[in-house]
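Reviewing the structure listed below.
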Amino acid sequence: MEPSQCVPLERLPFNNTVLKKLPVDDSEETGSRTVPAACFSRIRALQPLVRPTFVALSQSALTLLDLNVQDVLTNPLGPEYLSGSRLLPGSEPAAHCYSGHQFGLFAGQLGDGAVMYLGEIEGTHGRWEIQVKGAGVTPYSREGDGRKVLRSSIREFLCSEAMAALGIPSTRAASLVTSDLYVTRDPLNSGRRIPERCSVVLRLAPSFLRFGSFEIFLGRDDFSGLQGPSAGRHDIRAQLLDYVIETFYPCIQQTHCNRKDRNMAFFREVMMRTAKLVAQWQCVGFCHGVLNTDNMSILGLTLDYGPFGFMDRFDPDFVCNTSDKRGRYSYQAQPSVCRWNLARLAEALGSELVGAEAGAVLDEFMPTYEAFYLCIMRKKLGLVKKEEAEDSELISDLLRLMHNTGADFTNTFRLLSHVPWPDEGDSERPTVGPVVDLILEQCASIEELKVANKPTMEDRELAMILSMAQTNPVMFGLVADSPGVSEQLERMGRLKELLETDQDELKKKQRDDWIRWVSRYRSTGS
């Protein structure tokens, strides 16, 4: 960016449209509280950090705001402005009210408990909402202190920018500020709290509205007994829906005169964006960790980086959140969870949609996801000359082989780029052998595979199922078909096979399996 195009922090062109278009809570009451009939609450007092200082800046994210790293660094008030410690001229601090289903259960009012909206900026790169994460308490903080620490802030900053660099839709992180203000945390969940530096990430996106933004209008939930803070306010729901479609889906707004048709087109587009997003996650081995409805962007962005993780060794059951004991948000569950969340969005939109048509859109989700996934994986493997019906089987066989051998997800794809193009008359085994050897070098040992394939079901449950296999084959057949039991039986089968072999035998079998697959891959690619 040319220096003349850059603007100083004090002259950012704020145009805080959302606060003009949607109901705002102007109460001066302090502390956590229920906020009815409003989509945002104004923040009346800033909670400054002590001696804030920059840790990191992202030039590519700052460019979206027409800012320059050097200008930000040389501004003596830069760390204060970008941490919410000092008010940026034109900004209007607020916190967003939303609800959500957390781990499958409706949780009532949630909201921005540690995030402060600063405003929206209209610049040469479009319209961007900016907010600071970790700037202190809001009406939605509940029992929290509204602060984030350096450890988690670094993770969010790095992953936001990494995902954007990978071409995966994501909120962005422009700056990371730390301070000499401390809070205590228990980073290892060991019961031992330690002091950590309060830190703030400046995040930006066209909007941070989410599925949960529409759940504030839900009535009392039969199971939890909770309801949204604006339950039954269909007038505000219509206002929010109009704002989202008019602002972020203008083509849909312009091409539909009938309201229900417009809303259905919007819901289908959200479904498409969500299906593509989760396909992109799956293709890089990304696991979000907390796919609650309040963490699902209405624009199809990766939103809220909590206990995320990228898989090392390929494992469909990979879980990156230690709180997720049942694996609800495992790697392989992400597509079905996203569909489930879309169903909750449809429920929240209620009469704004046509029920039967919304159901049909939901039925399109898995085929749409699978089509996106297959397209991306074909590109990842270089299968771009022509699409073959066998490509899907080739990909699933690769993933099964990676799982069975404990191969590293990212490294395996990188190593496959070294597979030589087939020449007439070349001998398969000597040609692909060097690449296969490199893949095998980073596969798991037999002891590691034994640990990975140990059944996770309790011993008593396993014993009961195995006893059933001998005493009641019909009942066993019914039970064995359930996904959970089927998975445990597969683990037992792999473990039995591993216990009956040794490291040398295992490596020979793995080498043969990899050579066989790579040979198929070469013939497909040619």
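Could you state the accessible area per residue of the chain in Å², with a 1.4 Å probe and every protein chain left in place?
46 Å²
For the chain, what is the relative contact order in percent, using Cα pairs closer than 8 Å and at least 6 residues apart in sequence?
11 percent
For LYS148, list the aspartates and glutamates whose Cα falls under 18 Å from its own Cα; do not include residues on the same chain fewer than 8 positions away.
Counting by Cα, and skipping residues close in sequence, LYS148 has these aspartates and glutamates nearby: GLU80, ASP112, GLU156, ASP180, ASP186, GLU196, ASP304.
Calculate the spin-label point distance for ARG520 paired with GLU10, positioning each point 7 Å from the Cα along the beta-carbon direction, and give it in nanometres.
6.7 nm
Whole-Hz Karplus ³J(HN,Hα) for the stretch 37-51, in order, using 6.51 cos²θ - 1.76 cosθ + 1.60 and θ = phi - 60°, x for Gly and Pro?
Coupling constants for the stretch 37-51: 6, 8, 9, 9, 10, 6, 9, 7, 9, 6, 10, x, 6, 9, 6 Hz.
Here are some pairs, LYS454/LYS496; LYS21/LYS260; LYS325/LYS454; LYS379/LYS507; LYS379/LYS509; LYS380/LYS507; which of them have Cα atoms lying more than 19 Å apart in this structure?
LYS21/LYS260; LYS379/LYS507; LYS379/LYS509; LYS380/LYS507
Whats the longest run of the chain with zero GluC sites (Glu not before Pro) that are DSSP loop and have at most 15 other Cβ atoms within 10 Å?
With GluC sites (Glu not before Pro) excluded where exposed in loops, the chain gives 144-386 as its longest stretch.
What shape does the stretch 1-136 take by its C-alpha gyration tensor, where a ≥ b ≥ c are the square roots of the eigenvalues and a/c under 1.5 counts as rounded, a/b above b/c as prolate, and the rest as oblate?
prolate
Tell me whether the stretch 58-159 comes out rounded, prolate or oblate; compute the Cα gyration tensor, take square roots of the eigenvalues as a ≥ b ≥ c, and use a/c under 1.5 as the rounded threshold.
Numbers: a/c = 1.87, a/b = 1.77, b/c = 1.06.
It is prolate, given that a/c is not under 1.5 and a/b is the larger ratio.
Can you list the lysines whose alpha carbon sits under 28 Å from that of LYS386, skipping same-chain ones fewer than 8 residues off?
LYS276
Hey, got the dipole for the chain? About the Cα centre, +1 on K and R Cβ, -1 on D and E Cβ, debye to the nearest 20?
880 debye
Among DSSP beta bridges whose residues both lie in the chain, state the antiparallel percentage, nearest 5.
95 percent
The values are calculated or read from the model by the stated rules, or taken from the named source; none is laboratory data. No experiment lies behind these values; they were computed from the predicted model shown. Note: ideal-geometry Cβ built from the backbone for every residue, glycine included; neighbour counts use all protein chains shown. Heavy atoms of the whole protein, side chains included, go into the accessibility calculation; ligands, DNA and RNA do not. Shrake-Rupley method; radii C 1.70, N 1.55, O 1.52, S 1.80 Å.
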